[in-house]
1. Report the residue, chosen from 120, 68, 128, that carries the largest GNM mean-square fluctuation when the chain is represented by alpha-carbon nodes joined by springs under 10 Å.
2. Could you work out how much longer the chain between residue 72 and residue 169 gets when fully extended? Use 0.36 nm per residue separation minus the Cα distance between them, nm to one decimal.
3. Got the relative contact order for the chain handy, in percent, Cα pairs under 8 Å and 6 or more residues apart?
4. Report the full-extension gain for the segment residue 31 to residue 44: residue separation times 0.36 nm, less the Cα-Cα distance, to one decimal in nm.
5. Using the count of nearby Cβ atoms within 10 Å as a rough guide to exposure, how do 4, 90, 135 rank from fewest to most?
6. At residue 80 and residue 121, where each label point lies 7 Å from the Cα along Cα→Cβ, what is the point-to-point distance in nanometres?
7. Give me the number: length gained by fully extending residue 56 to residue 12, i.e. 0.36 nm times residue separation minus the C-alpha to C-alpha distance, one decimal in nm.
8. Could you sort the peptides 152-159, 58-65 by per-residue average Cβ neighbour count (10 Å cutoff), highest mean leading?
């Protein structure tokens with residue numbers, strides 16, 4: 001006889017009233033989603049204006065930050081970016097939890113930062129925020145994935161298409177295509 005494996009029944013899932021702490025009301029969320037869809041992510045929207053738009057929606061963005069087109073930010077008010085950092089095309093900052101990016105950080109094209117997940121051990125499969133921190137001078141190469149509750153140390157390098165689910169020490173390297 002085999003033990004029955006327990007898992008959440010998705011048919012029974014009901015979005016909790018609070019879901020997770022989104023940090024702003026529904027009207028503010030809707031306004032951001034509209035601005036992001038129509039302007040912020042568009043190729044024709046000037047990159048010099050993108051930091052200001054994020055600031056207007058509550059993000060803390062340092063001077064000299066470059067944000068390319070087709071960048072997605074779930075909730076700007078849960079984002080901090082230091083001075084002179086670059087966020088490349090098609091990066092997705094899914095910040096159900098806080099995302100903090102230091103100064104002189106390079107996020108290459110297609111980086112996915114996932115600061116949230118669902119509790120798969122909970123019967124209600126509830127979502128939860130999981131912070132991500134990228135310290136000064138780190139380089140996250142193209143299409144790498146950074147999962148929640150992770151700190152990328154100062155000067156660390158994460159290789160292309162690597163998946164990071166544990167902290168990376170300062171000056172450390174995660175090789176291309178690997179799981180850390």
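1. Among 120, 68, 128, the largest GNM mean-square fluctuation belongs to 120.
2. On the way: separation 97, 0.36 × 97 = 34.92 nm, distance 2.70 nm.
Here the segment from residue 72 to residue 169 would lengthen by 32.2 nm.
3. On the way: 482 pairs, mean separation 25.9, N = 180.
Dividing the mean separation by the residue count of the chain yields 14 percent.
4. Details: separation 13, 0.36 × 13 = 4.68 nm, distance 1.98 nm.
Contour length minus Cα-Cα distance gives 2.7 nm.
5. Numbers: 4 6, 90 17, 135 20.
Sorted ascending by nearby Cβ count, the order is 4, 90, 135.
6. About 2.9 nm, to one decimal.
7. Working: separation 44, 0.36 × 44 = 15.84 nm, distance 3.83 nm.
Full-extension gain reported as 12.0 nm.
8. Details: 152-159: 21.0, 58-65: 16.4.
The densest-packed peptide leads the list: 152-159, 58-65.
Any read-out appearing in this document is the output of simple, stated calculations on the displayed coordinates, not a laboratory observation. Predicted model, so just to flag it, every value in this text is computed and none were measured. Because the Cβ atoms are built from the backbone with ideal geometry, glycine has one as well, and the counts that use them run over all protein chains shown.
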